[in-house]
Each structure stands twice: as C-alpha cells, then as structure tokens.
1. Would you list, by chain and number, the lysines whose Cα falls below 27 Å from the Cα of Lys14, excluding same-chain residues fewer than 8 positions away?
2. Can you bin the stretch 195-319 into rounded, prolate or oblate? Criterion: square roots of the alpha carbon gyration tensor eigenvalues sorted a ≥ b ≥ c, rounded for a/c under 1.5, prolate for a/b above b/c, oblate for the rest.
3. Would you mind computing, in nm to one decimal, how far apart the modelled labels at Ser178 and Ser319 are, each placed 7 Å from Cα along Cα→Cβ?
4. State in Å² the accessible area per residue of the stretch 60-203; use a 1.4 Å probe, count heavy atoms of protein chains only, and round to the nearest integer.
5. Got the relative contact order for the stretch 315-379 handy, in percent, Cα pairs under 8 Å and 6 or more residues apart?
6. What is the stretch 8-77 by shape, rounded, prolate or oblate, if you read a ≥ b ≥ c off the alpha carbon gyration tensor as root eigenvalues and call it rounded for a/c under 1.5, prolate for a/b larger than b/c, and oblate otherwise?
7. Contact order normalised by length for the stretch 207-286, with contacts defined as Cα pairs under 8 Å and 6 or more residues apart; what percent is it?
8. Would you work out what percent of the accessible area of the chain, with all protein chains in place, is carbon or sulfur (probe 1.4 Å)?
Amino acid sequence: MMASESARAMVLAKNDNDVVIVAAVRSALTKGRKGGFKDTRPEEILSGVLRAAYTRAKVNPALIEDIAVGNVLPPGGGASAARMAALHAGIPNTTAINTLNRQCSSGLAAVNQIANQIIAGQIDIGIGAGVESMTFGYGAGSLPDGFSDEVLTNKEAEDCMIPMGITSENVASDFGISREIQDKFAAESFQKAAAAQKAGKFKDEIVPLKVKIINPKTEKVSEIIVDMDDGIRDGVTAESLSKLKPAFAKSGSTHAGNASQISDGAAAVVLTRRSVAKRLGLPIVGKYVASAVVGVPPRIMGVGPAYAIPKVLEKTGLSKDDVDFYEINEAFASQAVYSVQEIGLSFDKVNVNGGAIAIGHPLGCTGARQIATGLSIAKQRNERVFVTSMCIGSGMGMAAVFVSEY
C-alpha cells in the first residue's frame, strides 16, 4: 500500500480510544438585524441547540462533564451567558462550561478543546459549540477605544488593525485573484446552497427553534419557527454580482455579494470516547481525527487555510486526494479561491452545498457549523473523510480532519 493509502486506512480504523461524535447540530443561520433571529439573544439560540444536541445524542445531560463555546463578540465576556444557556437547556449545574475566542475558528477551537480533554483522560463526555448574534454583538460597540502606541510601533501588530475587507483586497492584489473569478466562485456558492436548500439537504443538520420576532412596522410580537437559512438567495449569477460596487476600495474587487454574510446562529457537537459511546449505546455518527493551527501575516489573514490544511494533512499522513471533500469558510471569495488554488484542490470538492457567502458566517458558530454540515454531506454522498478549515482575523488559519461513520 502507498503511504497515504495506509494513512487513510488508519484514519478510518476504529479504536476504543477514538474521540467520536454522537451528535452534531446547528440552528438555521439568519441575517443579522433582518433575519429570523434578529430579536433573539445568543444565549437563547445556544440553549435550543445544546438541548437538541444532547437529546439527539441520547445522552443523559448529567453525564456531560464540560462544554466549550466559541464566541467572538460576547458582551461582558460571554461566560455567564453561555452558563445561563446550558442551565436553561436542562444541563445540570454540575456540568462545567467556558467560552473561548479564536475569532472565526472559535467553534472549531471549542470542539478541539473538548476532544483534547477526552484524549487526555480529563473527561469522558463533552460538547464543543459555537454561537454568535451579530445582530446584538457586531459593530463599533464591540471595538476597544484605543491601542498602545508602543505596541503599534511594531508593523505586524499595527497590521492586526487592518479592516477584514482590506485584508481581502490585499490577498486579491498580492496573488492576482481577479474580480471575475471571485464573482464566479461566489455565484456558485449561492447556486449550490439554493439547490441544497430546495432539495432539503440542510434539514437533518438544522434544529428548528421557536422564537419571538417583532414586526418593525407595527411593533407586534409574534412567535415563529426558524428552520431555514434565510440568507440563501436563488438566481444569483456571476453577471448579477458583477454589477455590485466594491465595498472597501474604489478600485477593489470585494463587495457585499462575494463576502460572507453577517449572521446569527449556533451549533453544537457532542463528543465522547468510543468505548464510552459503546458502553452507553450512543449513536456514533463520526470521529474527530486531528486539527492544526498556523499563523500567517496579519495583512493577508485570509490565506490561513492554504497553510493550515497542508499542516493537518501532514500530521495525519493523508494526501489531499485522500480527503473526500472540504468545508473551507468563505470569509471572502478572494481568500477562499486563493486557498483552494494554492493547495491544488478541485473546486468540485469544496463547499459542495455552498458556503458562508451564501449561508452566512456567525463568527463563533462557523467552526462547529461546518462539522454538522460536513457530516450531513458525507451521509448524503456516502463519503467518509472530510476537512474543515477557516482563516482567522489577525492572521491565522485552522483546519481539522473528521470521519463520517453514518
């Protein structure tokens, strides 16, 4: 057997000490300030998703030992709101919880934390989750009122302040990613997501949540069930996107139609050791294999996946072709296209049901959301090995390998 073939066989092999996934679910992702969750606080979305996750996993909530929640824009630090969400979800006060922030990879970093605690023998069962309400958290209010002049004398430290949209323009101009290819990629994201939504391909991963919504014209409060991503638009083409004005630089190529949407949502992944899942009769749906983080120059932060994916493949011995498909976060079309091209992936194997440009990118949620989506795709396509990855504000990348065991 070739080295990578044996590496794939090792990744697919089942061992009692494996970290396995017994449920991975998400809320619908809705448009910030306009969508179905515009009047719903993040802790309420998170509570609904946590309850659905352990219920689907058939886990007694008293057996959950720790929960990690990725959250990028939490008012007041976020830890209390996450604790409140867990308690409201019927998880007892004996279960510990923390929030963490590694920007856009926070949901994946949370899953990684719980997986490592299981590997280290600290816990047997935990939940890695992510949540963001960009309706309530995003904007000038979330920014500090200033930075140290001394620290800003370091050029790369200063580059951490570059607006994300300008980092996208930097990637496009540094690496020659044209407006045309960005718009083509973005249009395909919308087209794939619209087709997947019509075919019901997101239904299995989405937990319907009943919430209150306020009609802005009448101020009437009504109850609705949010069960569909409301940022997905049908009929988007590269031609229709070509009419949009650049958002960050007059001669730029990044605009509202080829960048990720500002969104609200949550996702949760229930993890345990395989021996524990077998003993308790829990439904094993997948396996966590490995993850890796890298640092890249802050001014081109979007290139992160181009370095994180090769690093995690190297750690597992897999070749890029051993992976059946990739979920790469579409922060911006520029950086997603660059990453796919730089690694040498086929676009057909990337974001097969669309990505963040079409579906949305609630910052802390995305890393956990991609796992729920990936497991759905693997089941639909009868595929096994997938990689999730994203760029990270201030110049990093993260990637992880998972196996579907449906």
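1. Correct list for Lys14: Lys58, Lys278, Lys287, Lys311, Lys315, Lys320, Lys349, Lys379.
2. The shape class here is oblate.
3. For the pair Ser178/Ser319, the computed spacing is 3.1 nm.
4. Working: 6700 Å² over 144 residues.
Computed with neighbouring chains in place, this is 46 Å² per residue.
5. The normalised contact order for the stretch 315-379 reaches 36 percent.
6. Taking the square roots of the gyration eigenvalues as a ≥ b ≥ c, the stretch 8-77 is prolate.
7. After rounding, I find 15 percent.
8. Accessible surface attributable to carbon and sulfur in the chain totals 53 percent.
The values are calculated or read from the model by the stated rules, or taken from the named source; none is laboratory data. Not measured: the values here are computed from a predicted model. Cβ sites come from the backbone with ideal geometry, for glycine too, and all protein chains shown count toward neighbours. These area figures cover heavy atoms from the full protein model, side chains too; ligands, DNA and RNA do not enter into them. Shrake-Rupley method; radii C 1.70, N 1.55, O 1.52, S 1.80 Å.
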